[in-house]
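Worksheet for the structure shown next.
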Amino acid sequence: MIYVTRRSHFSASHRLFNPKFSDEKNVDMFDKCANPNGHGHNYYLEVCIAGEPNRETGYVIDLKKLKRIINEQFVDKVDHKNLNVDVDFLSGINPTAENIVIAAWKQIVPHITEGTLHSIRLHETENNFVEYRGE
Ligand code: NI
């Protein structure tokens, strides 16, 4: 089994809050991330495909094709957007890294026809990232 990973970049803003919480509780829970007018991140997304190399091409998945899927299904829809209000598939979702990576999985997985989607990592800061494996 070979694991092939494509790394992508996007910039977006968000505000972390739960509308059911008071302003005070949102600040307690989310601290600076609950700033009413939001804040931005430079995100990195790593999409990993597992599979055997194709006998004829030697590829698990053509990385040009994988790049196109990631861009069309996810990155182009979130890049330079406000994740709380601009993105249909994040509507009503608190855009934590955890929730964003689950949304990325749902967007991308139906389009992977070579190999299987193994994991997606989302780096929100230099030191913080989350990983989802679809379950
Ligand atoms: Ni943030």
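The values are calculated or read from the model by the stated rules, or taken from the named source; none is laboratory data. Since this is a predicted model, take the numbers as computed values, not measurements. Positions of Cβ are backbone-derived with ideal geometry, glycine not excepted, and every protein chain shown enters the neighbour counts. Please note that ligands, DNA and RNA were not included when accessible areas were found on the heavy atoms of the full protein model with its side chains. Shrake-Rupley method; radii C 1.70, N 1.55, O 1.52, S 1.80 Å.
Structure data summary
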read-out	value
FRET efficiency for residue 125 and residue 93, using Cβ-Cβ distance with R0 set to 25 Å, rounded to 0.05	0.80
Gap separating the Cα centres of segment 48-127 and segment 1-39, nearest whole Å	18
Segment residue 68-residue 52, length gained on full extension (0.36 nm per residue, minus Cα span)	3.7 nm
Where labels lie 7 Å past Cα in the beta-carbon direction, separation of residue 86 and residue 7 in nm	2.4
Antiparallel content of DSSP bridges confined to the chain, in %, to 5	90
Where Cα atoms sit under 27 Å apart: lysine pairs in the chain separated by 8 or more or lying on different chains	17
For the chain, accessible area per residue (1.4 Å probe, heavy atoms of protein chains only), Å²	62
The chain - Debye-derived log10 I(q)/I(0), Cα point model, q = 0.09, 0.20 Å⁻¹	-0.30, -1.13
The chain: most fluctuating residue of 24, 114, 46 per GNM, C-alpha cutoff 10 Å	24
Rounded percent of accessible protein surface that carbon and sulfur make up, the chain, 1.4 Å probe	46
Calculated from backbone phi, Karplus (6.51, -1.76, 1.60) coupling profile of segment 59-70 in Hz, x at Gly/Pro	9, 6, 8, 5, 5, 5, 5, 4, 4, 5, 4, 4
